[in-house]
Amino acid sequence: MKQITVIGAGTMGNGIAHVFAQSGFNVILSDISASALEKAIMTISKNLDRMIEKQKITTDDKVNTLNRIVSQTDLVSAVKNANLIVEAATENEALKLKIFQDIDLHAPKDCILATNTSSISITKIAAATSRPDKVIGMHFMNPVPVMKLVEVIRGYSTSDEVCSKILDLSTQLGKIAVEVNDYPGFVANRILMPMINEAIYTLYEGVAGVQEIDTVMKLGMSHPMGPLQLADFIGLDVCLAIMRVIHDGFGNPKYAPCPLLVNMVAAGKKGVKSGMGFYKYDGTSKELIVADNFNKNKACLVG
């Protein structure tokens, strides 16, 4: 594989483009928004600077990595010569199906089509194309340049050859690939999201406050951050979307999203991305302040 196309220049997309380019692959980063692409390249550059400061790479490594990334707003041009396409658009089923229908029409017939979806059925996405055997899930973890895991999800029709190639490719990126089957939430989010949802229910029912819930999980279970802080980091809208996929997929009421989560997303309180979730975020403070509507005058220090 020589040419990789990443669709979507958000947090996951720019991280995926970063690791491919740093590993020596030529990357086209595609998005309908030119400003999103500019922001993505700036983010990659800053992340590479951090790696230089930590003496993990050299200045030449940074320059070479950035030189391997080309921005493109035209989807047809972005995919026409690709060996692998990794879709990293918003976690919206209708949008992803449309993207896969489009790239299937314009990508080379031997091109592998991967999706970074965190919960949507690979089999359903593959069915929107004429090459379901070449469709697979590559679920990277956030932040992509740091996190080692890639969940490799086989759809119902994914071929052994394609799965083997993606497992090998993940290893070339310095990642640890884990093969899983295509069921709602896969492994990571089938376990993680109900835990986060239960933490929100625990708050909703008044069992404990934000700080108390997160402290119990950090100190008692050795989690690096509490589930409510993690939900803010992931994005409450993303958590809600994943819970709905799992709930719809299994039809089990135990996966129903907490009403508090639903209301917060409806109110625009989406976590770090909106500046307010279970905590307040001002972009400069190293202190997380518990949102006023949960616990007034309480603070939880990062780390």
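The values are calculated or read from the model by the stated rules, or taken from the named source; none is laboratory data. None of these values were measured; they are calculated from a predicted model. Because the Cβ atoms are built from the backbone with ideal geometry, glycine has one as well, and the counts that use them run over all protein chains shown.
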Practice item. Give the residue that is surrounded by the most Cβ atoms within 10 Å (Cβ to Cβ), with candidates limited to residues of segment 211-262 that are small (Gly, Ala, Ser) and within 12 Å of residue 198 (Cα to Cα). Key: 231
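Suppose we filter segment 175-228 for residues that are outside any helix (DSSP H, G or I) and touching a residue at least 24 places away in the same chain (Cβ under 8 Å); how many remain?
15
Going residue by residue through segment 9-25, is there one that turns out to be part of a strand (DSSP E or B) and modelled with pLDDT of 95 or more? Don't jump to the end; show me each part of the working.
Of all residues in segment 9-25, those part of a strand (DSSP E or B) come to none.
No, segment 9-25 contains no residue that is part of a strand (DSSP E or B) and modelled with pLDDT of 95 or more.
Scan segment 56-75 residue by residue and report those that are farther than 21 Å from residue 38 by Cβ and assigned to a helix (DSSP H, G or I).
The initial filter retains those residues of segment 56-75 that are farther than 21 Å from residue 38 by Cβ, namely 56-61.
Of everything in segment 56-75, those that are farther than 21 Å from residue 38 by Cβ and assigned to a helix (DSSP H, G or I) turn out to be 59, 60, 61.
When segment 263-275 is examined, which residues are found to be part of a helix (DSSP H, G or I) and surrounded by fewer than 22 Cβ atoms within 10 Å (Cβ to Cβ)? Full working, then the answer.
So in segment 263-275, the residues part of a helix (DSSP H, G or I) come out as 263-266, 272-274.
Across segment 263-275, the qualifying residues are 263, 265, 266, 272, 273, 274.
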Check your understanding: In segment 26-55, how many residues are within 22 Å of residue 76 (Cα to Cα) and part of a loop (DSSP other than H, G, I, E, B)?
Key -> 3
